[in-house]
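For reference, the structure discussed in these notes is given below.
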Amino acid sequence: MDMSIHTPPGTGTPHDQGSDARHAPEGGTPPRRRDPAPAPRRAVTHLGDRVFRGLSRGSGITLLVIMAAIAVFLTYRAVGVLAVNDGNFLTSFEWNANDNPPDFGIAVLVYGTIVSSVIAMVVAVPVAVGIALFISHYAPRRLATPLAYVIDLLAAVPSIVYGLWGALVLVPHLGGLYEWFDDFFGWTGVLSYQGGAARSLFTVGILLAIMILPIVTNVSREVFLQAPKMHEEAALALGATRWEVIRMSVLPFGRSGIISASMLGLGRALGETMAVATVLSPSFTIIVSLLDPGGGTFAQNIASKFSEASEQGRDALIASGLVLFVITLLVNGAARAIIARRKEYSGANA
């Protein structure tokens, strides 16, 4: 009796099946071969794409070249006069650049520029953010549209117009405010007032705040309008109030935009010339009180002294312009660093 087990073809073990496939008869069906993977298709670049890429790249390179050319020019003109400067350029309180040898420094200019710009930012940014929130989330459309239009028009007013308004209207009417500061905060020394015309760094800061208000407001408003509506609706559905919606959804989303808007405003405040020169009563002394006349800024000093300066004096003014150029770059770099640390709040990542 034959006890062997016969297995039908194709039902054996994998090893047996492999053996059957290798020893398949010549008349059997050959094993199917895999087709080779198709070669990747080369991306087709259209002429318009190449032109746009070239123009974009050229624009970026041109901007870098212009910035580098400005830095080289300022440095070249500043090195010569700094080499013969008889005073300390960073700490001297004098500006006698036309003397031989010259004696000049930027201590007063640095102080005045930074103090007036900080005052402008402290006054303008909270007000601008409040106006932007009102236009974007509180005001009815019939009021929001003309109000936004008026604020846009304020950004187009020339600097000299702001300066004339500041000298003829703002300065005469700040005496009462200065006396109030002196009565309640004069003991600090910083807000003491000795009388006289209000042509001080504090007045300059208020005027700069009015000038940068449209810039900060417009940019902040556009950022707030881009806040995800789903987040706001979800917060309202959970029972949040309007302020809670703004605090939890709108402000975190627009934080980087507020920083960018503030830096744009700060850039204008640092470099403002005509309005400051019209309002400020300059002097090369650092006065502790912000309400007393005196002080100066980089842009105001360059504008007021450039016409009467000699070739050596102009080089000294250009050297001060180089410092202002560096300060502006540092401010922009700091803003970019702050925004980079808060990428989760940027509109691109929302």
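The values are calculated or read from the model by the stated rules, or taken from the named source; none is laboratory data. Computed from a predicted structure; not experimentally measured. Glycine also receives a Cβ, built like all others from the backbone with ideal geometry; neighbour counts cover every protein chain displayed. Side chains are part of the model used for accessible areas, which takes the heavy atoms of the whole protein and leaves out ligands, DNA and RNA. Shrake-Rupley method; radii C 1.70, N 1.55, O 1.52, S 1.80 Å.
Annotations for the structure displayed:
- For the set Arg57, Arg77, solvent exposure ranked by accessible area (probe 1.4 Å, protein chains only) runs largest to smallest as Arg57, Arg77.
- A simple count of charges around Thr278, restricted to other residues whose Cβ falls under 15 Å of its Cβ and scoring Lys, Arg +1 and Asp, Glu -1, yields 0.
- Of the solvent-accessible surface of region 59-344, computed with a 1.4 Å probe and all protein chains present, 68% belongs to carbon and sulfur.
- Extension gain, Glu308-Val127: 0.36 nm per intervening residue step, less the Cα-Cα distance, totals 61.2 nm.
- The calculated FRET efficiency for Ser56 paired with Ile114, based on their beta-carbon distance and R0 = 30 Å, is about 0.25.
- Heavy-atom accessible surface of region 59-344, averaged per residue, reaches 50 Å², computed with a 1.4 Å probe.
- Nitroxide proxy distance, nm - points 7 Å out along Cα→Cβ at Thr91 and Val190: 2.4
- Positive minus negative residues near Pro214 (Lys, Arg vs Asp, Glu; Cβ under 13 Å): 0
- Alpha-carbon Debye profile of region 59-344, log10 I(q)/I(0) at 0.08, 0.11, 0.16 Å⁻¹: -0.43, -0.76, -1.27
- Alpha carbon Rg of region 245-342, scaled by the compact-globule rule 2.2 N^0.38 Å: 1.42
- Two-site FRET efficiency, Gln226 against Ala144, from Cβ-Cβ distance with R₀ of 22 Å, rounded to 0.05: 0.90
- Alpha-carbon centroids, region 85-149 and region 246-273: separation in whole Å: 14
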